[in-house]
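The structure appears below as C-alpha cells.
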Amino acid sequence: MCGIVGAIAQRPVVEILLEGLRRLEYRGYDSAGVAVVRDTGDLVRSRALGKVAALTDRLADEPIDGKLGIAHTRWATHGVPAERNAHPHFSGEWVGIVHNGIIENHVELRERLKNDGYRFDSDTDTEVVAHLIDVFRRKGISLLDAVMAARCELQGAYALAVISPDETDTLIVARHGSPLVIGLGIGENFIGSDIQALLPVTSRFIYLENGDVAKINRHKIDIYDANGERVSRPVKESSAAMCSAELGEYRHFMLKEIFEQPQSVAATLENRLAGDHVLPSLLGAPDALEKLAQVEEIQIIACGTSYHAGLVGRYWIEANTDIPCHVEVASEYRYRRQPPRKNMLFVTISQSGETADTLAALEKIKENHGCMATLTICNVAESSLTRESDMSLMTMAGPEIGVASTKAFTTQLVALQLLMVLLMQAKGADKARVEQITADLRKLPALIEQALDLNPKIEVLSERFIEKHHSLFLGRGELYPVAMEGALKLKEISYIHAEAYPAGELKHGPLALVDSEMPIVTVAPSTGLLEKLKSNLEEVRSRGGELYVFADREAHIKADDSLHVLEVPHVPELLAPIVYTVPLQLLSYHVAVQKGTDVDKPRNLAKSVTVE
C-alpha cells in the first residue's frame, strides 16, 4: 500500500521523486520521505510526517539533491505515524532503503541484528531489511549480491529499492508479492510501485515478476529471477494519460470520477458488443467460449467494493445461466480448505490487480489445481492478477485516484454482465434474450447521465445527514449488495457509521435501531420485489423512521414529511444495480463535503491493499 519512487539520471532527481510521490499520494498516506546520494558521495535524507506537501516544504527550507535517489509515502503497518518511522530507512551511512509490504519474520531478525550490534531508530520492519543488507555488504560483496543474499532470509511480501554511496551509479530493486515497475528513459531510468508515478517522465515500462531482482544503471538494466538466473522481461508501452490525474473543473477526484462513469462504461462496452451478441475475444483467449461452455460452477473472489460487485454478479449469473455461483471475501477464502472442483471457473475481481489477499487466493487455487480455468476482472492490463490468470476481462475505467472506488465499481458490474452474456452464449441460451440484454447495455451510458442529473437535489438532501452518527441502507435482491456498497461509501469518506441489510431482514433485528435520528436510505427500482420493499418501508415509517428513497419514477412512492423521494429514471431490471449505484455515490460525496472530511484521502485507508 505504500508508494515507492526511484530514479537514476544525469540530472538532479529530487523534483522528479516529489512529483512521483504526489501522484501516488491519492492512495492515502501518513508520512513521506526522500533519500539521495549526493555528488559529494554521501547518503542523505529528508522525511516529514503528513502529506507530501509537508516534505516539499521541508526540502524548500533544507534542500538536498543528487542524481541517484529513492522516495516513499508510508501507510503505517509497523509503528505509529511518526517521522522516525517514515521511509527511507538507513543502515549507518551506507544503505538506504524504501519498502512496500510486510516482513513477517522481522521480530526474529531484529533480535539477531541487535545481538550483532545494530541500533534501531524506528519501530518498522523495514529498518531490519536495511541492516540485513548491510551485514552482507560488509562482507565485501556488491550491493546487488547483498540484496540477493538478504532476500533469502526474508519472509512475507515486499517491494524494495536500495541505494548506497558505495555504488553511486546503481539502484537495486527486488519484488516479492508487492508490485514494482521499471520506467525506461533516455540515459536515465526510474522505478515505481505504480506507473502513475512515472508518467511525467516515461511511457515505457518493464513490469517485474514475482521474485525478480534488478540492477538499474543509467544506460543498462539487468534482471534476475527468483533462482538468480538472468532473464529478460518485455517492455510495454503505456497509453495511460497524465491528464487522468488532474482535477480539471472538479473540486475532488471522487466527484470527477463519479461524473466520468458514462465514459468509463462506454469504454468498457466499446468493441465488445457486435450486433446482437457479445464478442468472446474480450477475454483474451482464443478458446474462451469453449472453456465457458464447460463451466458447471463459478467461484468469485474479491475484497471490499469488488466483493460487492461479485455479489451482484452472482444474482445475474444464477438467474440467467442456471450456473451455481459462489462469492467469498478473499481474506477468508485463502485460509479455508477447498476441495478441487473440476469444471469450476475461478473469477477474481480487483481494481488494481495487486490486491494481496485476492492474489493469494488465486495462487492457492492454481497450486492445488482446484479449477478448470481462471479469469480476472481488472482495471490494470499489466497487473499481477492479469498476468497470472488464464483469461482477463478489462474494465477500461482509466486511472482511479479517489480512495473510495466509484467508476471502478460500475465498470466491474458492466464486466460481470458481459461475462454473464458470454456464459449464456456458450450455453446456448435463448438468442432473443441475449439480443435484449445487449440492446439494453448500449443504453447504459445515457441512463447513467440521467442519474447524474440528480446531483443538485442530492447535494441539498445531504445537508440532513451532517449531524447524524449512524445510518441504515436497505435493498432487496441484487440491490442489496448495492445498498452494501452505499453504506461502505458513506462510512469510508464521511465517517458516519453505516450498515446495510436486506430489507426483508428488518424484523430480524435492525428494526430495533429505527428512530427519527437514524436515516434509512433505500434503493427502490421497479423490479419484481418492489411491492415487498414498499411493505418494508411502511414498517420503518410506522416506527418513526426517517426514510430517504431513491425510487423508480414509475414506482409510485409518495413523499411526505418523513419520507424523502428522489426519482431515478426508469431502467431495465438488469441495469438497475449499476444505475442506482450512482446516486448513492453522490450522496456519500456530498455528505463528506458537508462534514469537511478529506474526501479523496479518507483517514486510515489506502487505495491499493497490497499487504495482508
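The values are calculated or read from the model by the stated rules, or taken from the named source; none is laboratory data. Fair warning: this is a prediction, and the values are worked out from it, not measured in the lab. Glycine also receives a Cβ, built like all others from the backbone with ideal geometry; neighbour counts cover every protein chain displayed.
Each row is one residue, and each column tells you yes or no for (1) modelled with pLDDT of 95 or more; (2) among the aromatic types (F, W, Y).
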position	(1), (2)
V147	yes, no
C152	no, no
Y158	no, yes
A161	yes, no
S178	no, no
Y207	no, yes
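Conditions tested, residue by residue: (1) surrounded by fewer than 21 Cβ atoms within 10 Å (Cβ to Cβ); (2) in contact with an Asp or Glu (Cβ under 8 Å, 6 or more places away or on another chain).
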{"residue": "L24", "(1), (2)": "no, yes"}
{"residue": "Y29", "(1), (2)": "no, no"}
{"residue": "G33", "(1), (2)": "no, no"}
{"residue": "T40", "(1), (2)": "yes, no"}
{"residue": "R45", "(1), (2)": "yes, no"}
{"residue": "A54", "(1), (2)": "yes, no"}
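Filtering segment 64-87 down to residues that are of a type outside the set (V, I, T) and either free of Cβ contacts under 8 Å to residues at least 24 places away in the same chain or assigned to a strand (DSSP E or B) (or both), which residue is farthest from L171 (Cα to Cα)? Looking at residues that are of a type outside the set (V, I, T) and either free of Cβ contacts under 8 Å to residues at least 24 places away in the same chain or assigned to a strand (DSSP E or B) (or both), I get R74. The conditions of being more than 25 Å from K601 (Cα to Cα) and touching a Phe, Trp or Tyr at 6+ places or on another chain (Cβ under 7 Å) are not met by E62. For the structure I just gave you, tell me whether P324 is surrounded by fewer than 22 Cβ atoms within 10 Å (Cβ to Cβ) and touching a Gly at 6+ places or on another chain (Cβ under 6 Å). No. Taking only segment 423-435 into account, find how many residues are in a helix (DSSP H, G or I) and touching a residue at least 24 places away in the same chain (Cβ under 8 Å). Number satisfying all stated conditions: 8.
Scanning segment 3-25 for residues that are in a loop (DSSP other than H, G, I, E, B) and under 11 Å from V201 (Cβ atoms) returns A9, R11, V13.
Scan segment 96-117 and give yes if some residue there is more than 24 Å from the chain's Cα centre (by Cα) and either closer than 29 Å to S238 by Cα or crowded, with 24+ Cβ neighbours inside 10 Å (or both), otherwise no. Taking every residue of segment 96-117 in turn, at least one turns out to be more than 24 Å from the chain's Cα centre (by Cα) and either closer than 29 Å to S238 by Cα or crowded, with 24+ Cβ neighbours inside 10 Å (or both). When restricted to residues that are surrounded by fewer than 22 Cβ atoms within 10 Å (Cβ to Cβ) and either closer than 18 Å to Q338 by Cβ or at pLDDT 90 or above (or both), segment 375-390 contains 2.
Please enumerate the residues belonging to segment 270-306 that are part of a helix (DSSP H, G or I) and among the charged types (D, E, K, R). Correct list: E290, K291.
Taking first residues from segment 354-377 that are charged (D, E, K, R) and partners that are assigned to a loop (DSSP other than H, G, I, E, B) and modelled with pLDDT of 90 or more, the Cβ contacts under 7 Å between residues at least 6 apart in sequence or on separate chains come to D357/C303. Right, S203: among the polar types (S, T, N, Q) and buried (at least 19 other Cβ atoms within 10 Å of the Cβ) or not? No, not satisfied. Do we find that L537 is at pLDDT 85 or above, over 30 Å from the mean Cα position of the chain (by Cα) and in the same structural domain as E505 (by the TED database) in this structure? Here the answer is no, as L537 does not meet what is asked.
Considering only residues that are of a type in the set (D, E) and either closer than 23 Å to G211 by Cβ or outside the structural domain of G156 (by the TED database) (or both), which ones fall in segment 92-126? Correct list: E104, E108, D125. Remark: V434 falls outside the filter, which requires a residue to be buried (at least 22 other Cβ atoms within 10 Å of the Cβ) and under 18 Å from G313 (Cα atoms).
Of the residues making up segment 316-335, those that are in a loop (DSSP other than H, G, I, E, B) and touching an Asp or Glu at 6+ places or on another chain (Cβ under 8 Å) number 3. Residues in segment 351-381 that are under 21 Å from H176 (Cα atoms), in contact with a helix residue (DSSP H, G or I) (Cβ under 8 Å, 6 or more places away or on another chain) and outside any helix (DSSP H, G or I): Q351, G353, E354, T355, T376, C378, V380.
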